[in-house]
Amino acid sequence: MEVEFLARLQFAFTIAFHYIYPPLSIGLGMMLIFLEGMYLRTGNKQYEQLTRFWIKIFALIFGIGVATGIVMEFEFGTNWATYSRYVGDIFGSALAAEGIFAFALESGFLGILLFGWNRVSPRVHFISTIMVALGSMFSAIWIVVANSWMQTPTGYRIEGTGDRARAVVTDFWAMVFNPSSVDRLLHVILGAFLAGSFLVLSVHAWYLVKGRFVDMSQKAFRIALIFATAAALTQLFSGHRSAQLIAEHQPAKLAAFEGHYDSLAVADMFVFGWVDEKKEQVHGLAIPKMLSFLVHEDLNAPVIGLRSFQPENRPARVNFVFQTYHLMVTLGMLMIGMTLLAVFLLWRKRLFQQKWLLRLFVPAVLLPQIANQMGWYSAEVGRQPWVVYGILRTSDGLSKSVTKDHIWFSLLLFTWVYVLLFALFVYLLNKKIVHGPDVEEESMEDVPEYSKRFKD
């Protein structure tokens, strides 16, 4: 294997594993706001118990996420030193902003969130919950900004030549609000909302099927279902807008998404299929002219195809990008269908009698996770051969001294450590879920003492 492929494989493996956790933290942070907000509004102890329960799971996810994210920063220096020097000014400013606005906010309020229940007032604790949730989202903002700049670079100039060339920020806000950052951020945040809400749906669907914590699980399921439905429907429009931006700024990527080779022709949209890269053809079920309509809102508008680009400037693995993109879309539509059906049954007051649907929601926790991973694969593999689109090739961003043996050794080591971490995560998560919320023996109805304490 080539050094470039191994370096890309190692980074893909580490970031794919890490990316399991930040979306869960962001989505679960919003769920904590909803649950604790209901506790403040109603004084119902069940919402407090639900909040305490999900804070424990949030802490576990947050801890594993931080531990697995550190490795990637070292990989920038070991495997991608040329790239790091080239974009250091850009990434440095974005990561510094992340440290100031995200890590400081999260670390400042995380202790109150975890241990402040009996030490601060309910309002202060709720504010801490909001701050931690915002901190997790601020972290996503700056990471997406940095990655979006790699996709659609603006607000910079190139200084130096050859190996000493580097991109320097000339307009910080133009760099932050590059053409794709806002739309990509919305797409990522909505995916995180789906990940967190489907985790809550999965766990409480399991409780309902087993007949445990029935009353409080119905409350949590309703809140998570409404949140998930809103996120899934909004994601549909966000994805459409993102595809239009890709067509404008990264047409080769969009052509790879749909296996569209014709240089400039009306384009079909495939529901599913297989790309024959040698013959430059796609075999599958397509909706005629639909890609032209979605991109240009005109059935007869031409779409730029892969033959408009030199072979060395196209994604090398078109079928891989095609499959990951279509799997992401399929899973997104499946989540929309499941949530809309559940909302309809909830409106008809028949949802919690449909055990078959609740059983489907238990493994459905995997749907947003797989969709998020497939979306990341599509975006990153689809922009190849560029690490900074149109400016720096991935092959030119490699460290000059790294060898295949170095990467193989570290890849095997990371794999072993990550397998252990994942096994520990699954074990602890399962243990907490099986145990369930700490239900107090007193009445689960509104507690008068709470109202007095809240007013104080």
Exercise. For residues that are touching a Lys or Arg at 6+ places or on another chain (Cβ under 9 Å), of a type in the set (A, V, I, L, M, F, W, C) and part of a helix (DSSP H, G or I), tally how many sit in region 103-135.
Key: 2
Practice problem: Hey, can you tell me all the residues within region 33-45 that are surrounded by fewer than 24 Cβ atoms within 10 Å (Cβ to Cβ) and assigned to a helix (DSSP H, G or I)? | Solution: Ile33, Phe34, Gly37, Met38, Tyr39, Leu40, Arg41, Thr42, Lys45
Quiz item: Which residues, taken from region 311-346, are part of a helix (DSSP H, G or I) and over 20 Å from Phe198 (Cβ atoms)?
Solution: Pro311, Glu312, Asn313, Val318, Asn319, Phe320, Val321, Phe322, Gln323, Tyr325, His326
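Here's the yes/no breakdown for (1) over 15 Å from the mean Cα position of the chain (by Cα); (2) modelled with pLDDT of 95 or more; (3) not hydroxyl-bearing (Ser, Thr, Tyr):
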{"residue": "Leu190", "(1), (2), (3)": "no, yes, yes"}
{"residue": "Arg222", "(1), (2), (3)": "yes, yes, yes"}
{"residue": "Ile226", "(1), (2), (3)": "yes, yes, yes"}
{"residue": "Thr229", "(1), (2), (3)": "yes, yes, no"}
Practice problem: For residues that are among the polar types (S, T, N, Q) and either under 23 Å from Ala195 (Cβ atoms) or in a helix (DSSP H, G or I) (or both), scanning just region 136-177, find the one that is farthest from the chain's Cα centre (by Cα). | Solution: Gln151
Quiz item: Are any of the residues in region 350-366 out of contact with any Asp or Glu (no Cβ under 9 Å at 6 or more places or on another chain), of a type in the set (D, E, K, R) and surrounded by 17 or more Cβ atoms within 10 Å (Cβ to Cβ)?
Solution: no
Exercise. Could you give me the residue pairs with C-beta distances under 6 Å whose first residue belongs to region 110-125 and is under 12 Å from Arg52 (Cα atoms), whose second residue is surrounded by 12 or more Cβ atoms within 10 Å (Cβ to Cβ) and modelled with pLDDT of 90 or more wherever it lies, and which are 6+ apart or on separate chains?
Key: Leu113/Ser128; Leu113/Thr129; Leu113/Val132; Leu114/Ala59; Gly116/His125
Quiz item: Which ones in region 356-411 are in a loop (DSSP other than H, G, I, E, B), aliphatic (A, V, I, L, M) and in contact with a Phe, Trp or Tyr (Cβ under 7 Å, 6 or more places away or on another chain)?
Solution: Val362, Leu398
Exercise. Determine whether region 379-401 contains at least one residue that is at pLDDT below 90 and more than 30 Å from Lys253 (Cα to Cα).
Key: yes
Quiz item: Pairs, please: C-beta under 6 Å, at least 6 apart or cross-chain, first residue touching a residue at least 24 places away in the same chain (Cβ under 8 Å) and in region 240-260, second buried (at least 20 other Cβ atoms within 10 Å of the Cβ) and small (Gly, Ala, Ser)?
Solution: Leu245/Ser180; Lys253/Gly382; Leu254/Ala247; Ala255/Gly305; Ala256/Gly382; His260/Ala267; His260/Gly305
Self-check item: Residue that is among the β-branched types (Val, Ile, Thr) and under 22 Å from the mean Cα position of the chain (by Cα), where the choices are Val388, Val417
Solution: Val388
Quiz prompt | Matching residues in region 142-162 - criterion: being surrounded by 20 or more Cβ atoms within 10 Å (Cβ to Cβ) and of a type in the set (A, V, I, L, M, F, W, C) | solution = Trp142, Val144, Val145, Ala146, Trp149, Met150
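The values are calculated or read from the model by the stated rules, or taken from the named source; none is laboratory data. All values reported here derive from a predicted model rather than from experimental measurement. With ideal geometry, Cβ positions are generated from the backbone for all residues, glycine too; neighbour counts draw on all protein chains shown.
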